[in-house]
Amino acid sequence: MFSTKKRLIERTGYNNVGRYDYLKLLSTEFKTTSSTDGKRQVLGNLANFAYDPVNYEYIRLLNIIDLFLCVLSDSDRILVRFSIGGICNLCSDPINKEYILRNRGVALVFSLLQSPDEETVLSAITTLMFLITDASRSEIITPAVIGQLEIFKNSTNKRIQNLAIIFLRDHCGEN
């Protein structure tokens, strides 16, 4: 979970591969493997590493945010689920948030609200919530987003319904 760079150095395994090098290996493997299962496994690992703020600098240096953004348009639902999960994990950081906003993140994430995959939809809604700033509010709180969340508010899926209600209440003034 959360750690410091000093603690990570102390915990480095016997092969002395540091966190940066390990993330670089994962990123390279994702780009070079032709195995769908391999890509899924690697992307899932990268999304998990995106949870820990100590990795944010490495993730930025290795352009892993770009990789996640690119994969959001993939036809493989599992890859998309892992990518939006990684972005959701990263966007609580102000630097990452700004980068995602500047690189078509809102449009890419909005398109995922139509996904048939429940986890993808939940991560997309959560990501949009995390991306809201004073500057991005007008880009995110649009009639299209509100309309989709109004539909979700009546969903039979309680997880999606509850998250839509929270979004609308907290960001659109709905009671």
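The values are calculated or read from the model by the stated rules, or taken from the named source; none is laboratory data. Because the structure is a prediction, the values reported are computed rather than measured. Quick reminder, even Gly has a Cβ in these numbers, built from the backbone with ideal geometry, and neighbours come from all protein chains shown.
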Notebook entry, point to check: What is the number of the single condition among (1) surrounded by fewer than 12 Cβ atoms within 10 Å (Cβ to Cβ); (2) farther than 21 Å from Ala124 by Cα; (3) modelled with pLDDT of 95 or more; (4) among the polar types (S, T, N, Q) that Asn15 does not meet?
Noted result: (3)
Next item on the list: Search region 96-111 for residues that are within 11 Å of Glu139 (Cβ to Cβ) and pair each with any residue that is surrounded by 14 or more Cβ atoms within 10 Å (Cβ to Cβ) and of a type in the set (Phe, Trp, Tyr) when their beta-carbon atoms are under 9 Å apart and the residues are at least 6 apart or on different chains.
Entry: Gly105/Tyr99
Item checked: region 116-147 - residue that is more than 23 Å from Leu90 (Cβ to Cβ) and out of contact with any Phe, Trp or Tyr (no Cβ under 8 Å at 6 or more places or on another chain) and, of those, surrounded by the most Cβ atoms within 10 Å (Cβ to Cβ) -> Ile146
Next item on the list: Just need a number here: residues in region 22-34 that are out of contact with any helix residue (DSSP H, G or I) (no Cβ under 9 Å at 6 or more places or on another chain) and either at pLDDT below 95 or outside any helix (DSSP H, G or I) (or both).
Entry: 1
Item checked: In region 62-97, residue nearest to the chain's Cα centre (by Cα) [restricted to those that are farther than 20 Å from Leu25 by Cα and not in a helix (DSSP H, G or I)] -> Cys91
Check: Residues in region 153-161: is at least one crowded, with 16+ Cβ neighbours inside 10 Å, free of Cβ contacts under 8 Å to residues at least 40 places away in the same chain, under 19 Å from Ile84 (Cβ atoms) and aliphatic (A, V, I, L, M)?
Finding: no
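Ile59: touching a helix residue (DSSP H, G or I) at 6+ places or on another chain (Cβ under 8 Å), assigned to a helix (DSSP H, G or I), of a type outside the set (S, T, N, Q) and surrounded by fewer than 19 Cβ atoms within 10 Å (Cβ to Cβ), yes or no?
Working: touching a helix residue (DSSP H, G or I) at 6+ places or on another chain (Cβ under 8 Å): yes; assigned to a helix (DSSP H, G or I): yes; of a type outside the set (S, T, N, Q): yes; surrounded by fewer than 19 Cβ atoms within 10 Å (Cβ to Cβ): no.
No: the conditions fail for Ile59.
Looking at region 39-50, can you tell me whether even one residue there is among the small types (Gly, Ala, Ser), assigned to a loop (DSSP other than H, G, I, E, B) and either closer than 24 Å to Pro116 by Cβ or at pLDDT 95 or above (or both)?
Step one: filter region 39-50 for residues among the small types (Gly, Ala, Ser), giving 44, 47, 50.
Remaining after also requiring assigned to a loop (DSSP other than H, G, I, E, B): 50.
Next cut, either closer than 24 Å to Pro116 by Cβ or at pLDDT 95 or above (or both) only: 50.
Looking for residues that are among the small types (Gly, Ala, Ser), assigned to a loop (DSSP other than H, G, I, E, B) and either closer than 24 Å to Pro116 by Cβ or at pLDDT 95 or above (or both), one finds at least one in region 39-50, hence yes.
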